[in-house]
Amino acid sequence: MTALRGVVLDEAAGVLRIGAGVTLSQLSEHPEVQRHFPSLSQSAGAVASPPIRNMGTIGGNVNLDTRCRYVNQTHFWREALGGGCLKSEGNVCHVVPGGRNCVAAMSSDNVPVLISLDATIVQAGPEGVRALPIEEYYKADGLAHTNAKPGEVTTELRVPLAKGPRRAQYVKWSVRKSIDFPLVSVALRFDLAEDEATIAAVKVVVGVLGSKPRTLGKLDEVVGKKLADPAVPRMVADAAYAQCKPLENVPYEAAYRRDMIRVYTRRAIESLAAQA
Ligand SMILES: Cc1cc2nc3c(=O)[nH]c(=O)nc-3n(C[C@H](O)[C@H](O)[C@H](O)COP(=O)(O)OP(=O)(O)OC[C@H]3O[C@@H](n4cnc5c(N)ncnc54)[C@H](O)[C@@H]3O)c2cc1C
Ligand code: SF4
């Protein structure tokens, strides 16, 4: 097991091991992270502000509670609304009236990226140590949005190294460039063929929708195309727009945030294509 505060390149196992106690600053600035996983360096560096990144850990960030514009308020504010909601003192959801599930948003910058990179999360608890794909760690329930077992803590994240050329990027839209949680976020990963131009595989994960990030489906039609093909940004951005329907769970209108998903996805791919 990796030391809680260590980042270790395990080339024999083909993974980068990241201890849960590694701070977000250390993660963002670590040379192996920057070299192998630039999108993870970007997402860790996009969290909040330098003082928070210097203290906050990746283990805390992947276990960050879900957020909602209705519940992240004072008790007084909620009382004025009529008595809270499913996640506080009430029994209704103000985002989805009549809904039985809390749809508060997973707002970690790093989780969509770790899912896009097929990372594994390691949990240690009274029943022992287990590792599971981080994508399976989250569930669509804003009240209990992880599959952590009672008494478990996260000890490590393992990110598999790319087997060939890859382009990856994280983009985040927030009101201010600092301090703010994302209101829309997209993690993109394109695995390329040996020619470093043709798309061999693609994974795109969108955050801040509900309690679990959404991995886009139906992207097969871009496989085999060149990353620099001008049709690719439009195809992926249109798929993101079609498959992602933000809710009014965080500030800013859902329709505007949905437009921003399309805009940020397209711009990110254009930027990756320019790098290629
Ligand atoms: C003003 C402000 C702005 C922020 N903006 C952003 C942002 O833009 N993007 C973003 O992603 N985050 C943002 N955050 C969240 C912040 O970055 C996270 O709280 C931080 O990354 C984790 O900090 P921590 O290590 O102190 O964990 P804590 O805050 O102490 O813990 C967070 C949760 O995780 C649990 N936990 C901590 N460590 C572990 C572990 N090893 N195993 C299991 N559970 C654990 C805790 O019990 C708690 O429930 C913001 C926070 C603040 C205060
Ligand atoms: S999504 Fe609904 S139940 Fe959950 S915190 Fe927001 S208002 Fe409350």
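The values are calculated or read from the model by the stated rules, or taken from the named source; none is laboratory data. Because the structure is predicted, anything quoted here is derived from the model rather than measured. With ideal geometry, Cβ positions are generated from the backbone for all residues, glycine too; neighbour counts draw on all protein chains shown. Remember, those area values only see protein heavy atoms, side chains included, never the ligands or the DNA or RNA. Shrake-Rupley method; radii C 1.70, N 1.55, O 1.52, S 1.80 Å.
Being assigned by TED's automatic domain parsing to the domain that holds LYS139, within 12 Å of ligand 1 (Cβ to nearest atom), open to solvent by 50 Å² or more (accessible area, probe 1.4 Å) and over 26 Å from ARG166 (Cα atoms) is a condition met by no residue of segment 69-80.
Of all residues in segment 104-149, those that are under 24 Å from GLN169 (Cα atoms), away from ligand 2 (no atom under 16 Å from the Cβ) and in a loop (DSSP other than H, G, I, E, B) total 5. Do the conditions hold for ARG100, that is, is it open to solvent by 60 Å² or more (accessible area, probe 1.4 Å), within 15 Å of ligand 1 (Cβ to nearest atom) and either in contact with a Ser or Thr (Cβ under 8 Å, 6 or more places away or on another chain) or outside the structural domain of PRO246 (by TED's automatic domain parsing) (or both)? Criteria not met by ARG100.
Identify, please: which residue in segment 221-260 is among the hydroxyl-bearing types (Ser, Thr, Tyr) and more than 19 Å from the chain's Cα centre (by Cα) and is, among those, surrounded by the most Cβ atoms within 10 Å (Cβ to Cβ)? So, considering only residues that are among the hydroxyl-bearing types (Ser, Thr, Tyr) and more than 19 Å from the chain's Cα centre (by Cα), the one surrounded by the most Cβ atoms within 10 Å (Cβ to Cβ) is TYR252. Residue by residue through segment 181-202, note down the ones that are closer than 21 Å to ARG262 by Cβ, open to solvent by 10 Å² or more (accessible area, probe 1.4 Å) and in contact (Cβ under 8 Å) with a residue 40 or more places away in the chain. If the condition is that a residue be closer than 21 Å to ARG262 by Cβ, open to solvent by 10 Å² or more (accessible area, probe 1.4 Å) and in contact (Cβ under 8 Å) with a residue 40 or more places away in the chain, then PHE181, LEU183, ARG189 are the ones that fit. Check segment 207-219 and report whether any residue there is surrounded by fewer than 16 Cβ atoms within 10 Å (Cβ to Cβ) and aliphatic (A, V, I, L, M). No - not one qualifying residue is present in segment 207-219.
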